[in-house]
Amino acid sequence: MSLSYYLGFIIALGVCTVVLVFYRIYFHPLHAYPGPRLAAVSYLYHFYFDMISKGGGEIVNHLEELHAIYGPVVRIGPNELHFSEARAYMDMYRMGTGLTKEPWFYRMQCMEQSSFGFINPHDHKTRREMLSPLFSRRGILQLQHVIRDEVVHLVTAMGRTPEAPVDLHFAFRAIALEIVTSYFFGKHIGSLSSPGFRHQLLVDLQDIIFSFWALKWFPIMPIFSRLPDCVAVALNPKFRSNLLVRDMLAEQIAIFLKDNDALKQVDHEIIYTYLLSPQNEKHTRPSRRSLMDEAQVIVQAGSDTVGNTLCVGLLHALDSPHIHNALRAELDVAWPNTDEPMLLQQYEELPYLTAFIKESLRMSHGVLSPLPRIVNQDMVIGGHAVPAGTVVSSGSSFVHYDGDTFENPKSFKPERWMSEGASQLESSLVPFGRGPRQCIGMNLAWAELYIIFGNLFRRLDFELYDTSMEDFGKIKDYFVPVHAGRNPQALVKPRTV
Ligand code: HEM
């Protein structure tokens, strides 16, 4: 082809780019919203803070700076707005708005046919109905012994070597992982008996989390998941243990699909009890692919979130002796004889432990990333008119650190949940999101936090080891919050009281 052809092509591309830039700045329906010009013009602005600035994971930290400059609503992409006020959060995520998940963001994980991944509200609602018995409070009360048994393993393993520090990051990811796999699948991964709780899957997951934004900006997962396993592992050895878990889940699904009676051999009801035998004529058996997607979502969604909340709560308690003492005092009275199991309903009656868990959830944020939704018809969000087709979001950390709601929002104060007027704070506690896409695992997470924290404070002595709150303070956004410093550690021994 001739040089003039290439030249013509480059000129045409240049003209189109100029027109697009001009349109996005002056004529786009969002043109009047404040924000950096570069963000209005190109998605590369967001890409830079996800992938490059300070090594990546910086968008939420940067959004704090943008809101300080531009106010409560900022245009953070050519077609995207972020809101910082709690009232805007409620407008977006409450029931009945008709807002749907933004497909590009949610498809990156390749778990499209799951409760988490379905975009279509009907498919999503059907799946949630099918899963709900196991996630309901009733289901959890019936199966609380499954959680309790795993927690006994954790406490024994943590107190076994008082002279060697325990890596709290791995210990708490291990317990959350084992509870999820035993509760939903009747299976164990074995992470509680791995030396130092450093099961290879957890070690790999801690590294793989940093690929999160790469999957969004370079959607390679669909190709990667079709490669033969040996090629995928050769490209990234960190995927090896992920693939082993996938195979374990796939093998179990294959057995149950072949023989429904095999379910009777599992000790208790698991997700396939409900997914493979729909209780309602409107529900149909999910495909093998959809069962796989659901299984993977449950394993992933249930481990890092709970593990992180446990780390944040325990570190704050150990950093503030009055909090630690108050928890112990309350538990010592409520649970004098630790040879007798304490029931979930008994933990739930403890006011200080309950307040402590709420504060741990507030300060750990759950999912840190603002969760993008598409506005399907013109609407008002936080007092601002937003046109149909816009992508909108608000991060939970903005609600949790709102100084108008929470006095001294960055200090860890369980007492705030027990003070007069505390009931008004409840609506601003949003670690599990809100509305139709609120976390389905919320009841289970609460049950885990009660039983695990209750056991840790009643049965173990802790001393922080080579860990400071500053180390732990800085967070990065990789969908879930990632603490930038070294993993926190503690010396742990059994309590003698
Ligand atoms: C402290 C613990 C937890 C926190 C803070 C948390 C937070 C969240 C949040 C914010 C969402 C909404 C995500 C979005 O809209 O993109 C979510 C969804 C979800 N979570 Fe959790 N989660 C926790 C524990 C769990 C557990 C234990 C499970 C159990 C397996 C679980 C399973 C799920 C599932 C399946 C979804 C998708 C729900 C849907 O879209 O209908 N989560 N979680």
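Some observations on this one:
- Residue within the stretch 28-36 that is modelled with pLDDT of 95 or more and of a type in the set (A, V, I, L, M, F, W, C) present: yes
- Arg328 being away from the ligand (no atom under 14 Å from the Cβ) and under 25 Å from Ser114 (Cα atoms): no
- Residues within the stretch 428-471 that are over 30 Å from Arg127 (Cα atoms), touching a Gly at 6+ places or on another chain (Cβ under 6 Å) and either at pLDDT 95 or above or surrounded by 20 or more Cβ atoms within 10 Å (Cβ to Cβ) (or both), tallied: 1
- Every pair of residues 6+ apart whose Cβ atoms lie under 7 Å, when the first sits in the stretch 123-150 and is farther than 16 Å from Gly302 by Cβ while the second is in a helix (DSSP H, G or I) and β-branched (Val, Ile, Thr): Arg148/Ile451
- Checked against the criterion of being crowded, with 18+ Cβ neighbours inside 10 Å, aliphatic (A, V, I, L, M) and either at pLDDT below 95 or within 16 Å of the ligand (Cβ to nearest atom) (or both), the candidates Val392, Val386 yield just one match: Val392.
- The single residue among Val333, Val297 that is away from the ligand (no atom under 16 Å from the Cβ), among the aliphatic types (A, V, I, L, M) and surrounded by fewer than 23 Cβ atoms within 10 Å (Cβ to Cβ) turns out to be Val333.
- Residue identified as touching a Leu at 6+ places or on another chain (Cβ under 7 Å), part of a helix (DSSP H, G or I) and not basic (Lys, Arg) among Val245, Val231: Val245
- Residue in the stretch 33-45 that is touching an Asp or Glu at 6+ places or on another chain (Cβ under 9 Å), part of a helix (DSSP H, G or I) and not basic (Lys, Arg) present: yes
- Those residues of the stretch 249-292 which are buried (at least 19 other Cβ atoms within 10 Å of the Cβ), of a type outside the set (A, V, I, L, M, F, W, C) and over 12 Å from Arg127 (Cα atoms), in sequence order: Gln252, Tyr272
- Index of the failed condition, Ile175 passing every other in (1) near the ligand (Cβ under 10 Å from one of its atoms); (2) among the β-branched types (Val, Ile, Thr); (3) touching a Leu at 6+ places or on another chain (Cβ under 6 Å): (1)
- Segments classed as helices (runs of 4 or more DSSP H), wholly inside the stretch 91-161, with at least 3 members that are over 22 Å from Gly435 (Cβ atoms): 137-142, 144-158
- If you check Glu407, Glu415 for being closer than 18 Å to Ala326 by Cβ and either in contact with a Ser or Thr (Cβ under 7 Å, 6 or more places away or on another chain) or exposed (fewer than 15 other Cβ atoms within 10 Å of the Cβ) (or both), only one passes: Glu415.
The values are calculated or read from the model by the stated rules, or taken from the named source; none is laboratory data. The structure displayed is predicted, hence computed values, not measured ones. Methodologically, a virtual Cβ is constructed for each residue, glycine included, from the backbone with ideal geometry; neighbour enumeration extends over all protein chains shown.
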